[in-house]
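The values are calculated or read from the model by the stated rules, or taken from the named source; none is laboratory data. Just so you know, these numbers come straight off a predicted model, no measurement behind them. Cβ placement follows ideal geometry from the backbone for every residue including glycine, while neighbour counts extend to all protein chains displayed.
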């Protein structure tokens, strides 16, 4: 573990389509990599169904325990898109169509008077006190309420919303990492690695085995916020290949 | 929601490499699809770090709330592979190298006396009272303790262990699904879909928008355990394309 305490974050992936196996989530990895780069620890991810009671309870559980919470999914126009209402309920605030959100949404339609129907207008429902997260792709905004960032599930919209949110986050010196490929099976490296982990308790060591056409090996990864520490360790990991 | 209550399951994905963004999980979708096919509802997924206290608490929370729990990750030979010990701790049972697991593991090495070192032998540590899950690929077994199935994180090993576990699960009539592609944007379909959801409260309706080269459309999915119900609904969904 690094010396500098990193801010913590959690993610809630909302949607029956993930839990039924219909859809492969890819937003977790996008968020995880972006947070890691900024020195923020993604500490927990929950994937939950489109169920109001579960969403409300999960938002309240995680926002109390982590510095920042991200949600993905459930902010579209259909009856199963209930995330915004659930987040409002979790915070105990009202929710209604907001004029600025409505105006942004309207830019997505050639004839807003006709096409911005009651269902699409649901996407302009914003909890009281929230700030909007821009969606340059399909306009319907996400929002931030307290420490909770509510974003779309569609991966390219999630990614562009994240780009908007990242500069607002307070990070820490990012964890640096050192990766060394060792062409020996994991079972032979476990002992020396354990020794390194004991000798450098402030550094996190991981080992990721691979099988390349029957040739077993490991990617050894050391993580620390301190480059000098990694420089000291590098030759000791490299020496394991002998 | 279907009439027949489906057995419930949860999954715990264990590993810093997932939460750092280094690795993209693909086991969730494999498990989700397999359970859906067998009429078992995957109700929740948690992704958590290699942290003993968190693993123990999560296993105990979820095994009490769901019929079945699956874990992936953290059963290799290195110091950060702590899942087996944590599951034993969660159940309050002992854990030690077990002779049958050791014998199976030994078949993976040309010279077990030399190569089955202390670190590899950790993979034969099995909690008291557990039954083994076969691993035809790299031999190191998973195990089932109570309602918790402990499996590898490496996707091809996870998948083959799952094949071994599935026949032991009690399922229910699987949810059948009906998918219809409608070449109209989601915002125009939300109203009619809401009507269908109100008229058929026993059927679950989902809508998954797509953007195919600028042409917006939706995949509408209806799920029910009752084929007659879906047959009745099919023409009503198809009619939405007009």
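Filter the stretch B:29-48 for residues that are at pLDDT 95 or above and within 7 Å of another protein chain (Cβ to nearest Cβ) and give the result.
B:29, B:32, B:33, B:42, B:43, B:44, B:45, B:46, B:47, B:48
Name the residue, out of B:18, B:12, that is within 30 Å of residue A:7 (Cβ to Cβ), in contact (Cβ under 8 Å) with a residue 60 or more places away in the chain and buried (at least 21 other Cβ atoms within 10 Å of the Cβ).
Numbers: B:18 fails: in contact (Cβ under 8 Å) with a residue 60 or more places away in the chain.
Testing whether each residue is within 30 Å of residue A:7 (Cβ to Cβ), in contact (Cβ under 8 Å) with a residue 60 or more places away in the chain and buried (at least 21 other Cβ atoms within 10 Å of the Cβ) leaves just B:12.
Which of the residues spanning the stretch A:49-80 are more than 8 Å from every other protein chain (Cβ to nearest Cβ), outside any strand (DSSP E or B) and in contact (Cβ under 8 Å) with a residue 40 or more places away in the chain?
Answer for the stretch A:49-80, where residues must be more than 8 Å from every other protein chain (Cβ to nearest Cβ), outside any strand (DSSP E or B) and in contact (Cβ under 8 Å) with a residue 40 or more places away in the chain: A:55, A:58, A:59, A:62, A:63, A:65, A:66, A:67, A:73, A:74, A:75.
Can you find, within the stretch A:1-32, the residue that is nearest to residue A:148 (Cα to Cα) among those that are in contact with a strand residue (DSSP E or B) (Cβ under 9 Å, 6 or more places away or on another chain) and part of a helix (DSSP H, G or I)?
Only one residue fits best here, namely A:31.
Run residue B:95 past the list (1) touching a residue at least 12 places away in the same chain (Cβ under 8 Å); (2) in contact with a helix residue (DSSP H, G or I) (Cβ under 7 Å, 6 or more places away or on another chain); (3) surrounded by 22 or more Cβ atoms within 10 Å (Cβ to Cβ) and report the number of the one that doesn't hold.
Residue B:95 satisfies all of (1) touching a residue at least 12 places away in the same chain (Cβ under 8 Å); (2) in contact with a helix residue (DSSP H, G or I) (Cβ under 7 Å, 6 or more places away or on another chain); (3) surrounded by 22 or more Cβ atoms within 10 Å (Cβ to Cβ) except (3).
Is there a residue being crowded, with 19+ Cβ neighbours inside 10 Å, over 29 Å from the mean Cα position of the chain (by Cα) and either at positive phi or in contact (Cβ under 8 Å) with a residue 40 or more places away in the chain (or both) anywhere in the stretch B:218-225?
no
Given the residues B:169, B:121, B:132, which is the only one that is away from chain A (no Cβ under 14 Å) and either free of Cβ contacts under 8 Å to residues at least 40 places away in the same chain or farther than 24 Å from residue B:47 by Cβ (or both)?
The conditions single out B:132.
Pull up the stretch B:56-79, narrow it to residues that are in contact with a strand residue (DSSP E or B) (Cβ under 6 Å, 6 or more places away or on another chain) and over 25 Å from residue B:7 (Cβ atoms), then point me to the one that is surrounded by the most Cβ atoms within 10 Å (Cβ to Cβ). First the steps, then the outcome.
Going residue by residue through the stretch B:56-79, those that are in contact with a strand residue (DSSP E or B) (Cβ under 6 Å, 6 or more places away or on another chain) are B:58, B:62-63, B:66-74, B:78.
Among the residues that remain, those that are also over 25 Å from residue B:7 (Cβ atoms) are: B:74, B:78.
Details: B:74: 26, B:78: 24.
Here the answer is B:74.
With respect to residue A:137, is the statement that it is within 18 Å of residue A:153 (Cβ to Cβ), surrounded by 18 or more Cβ atoms within 10 Å (Cβ to Cβ) and within 25 Å of the chain's Cα centre (by Cα) true? Outline the logic, then answer.
Values: within 18 Å of residue A:153 (Cβ to Cβ): yes; surrounded by 18 or more Cβ atoms within 10 Å (Cβ to Cβ): no; within 25 Å of the chain's Cα centre (by Cα): yes.
Against the criterion (within 18 Å of residue A:153 (Cβ to Cβ), surrounded by 18 or more Cβ atoms within 10 Å (Cβ to Cβ) and within 25 Å of the chain's Cα centre (by Cα)), residue A:137 does not qualify.
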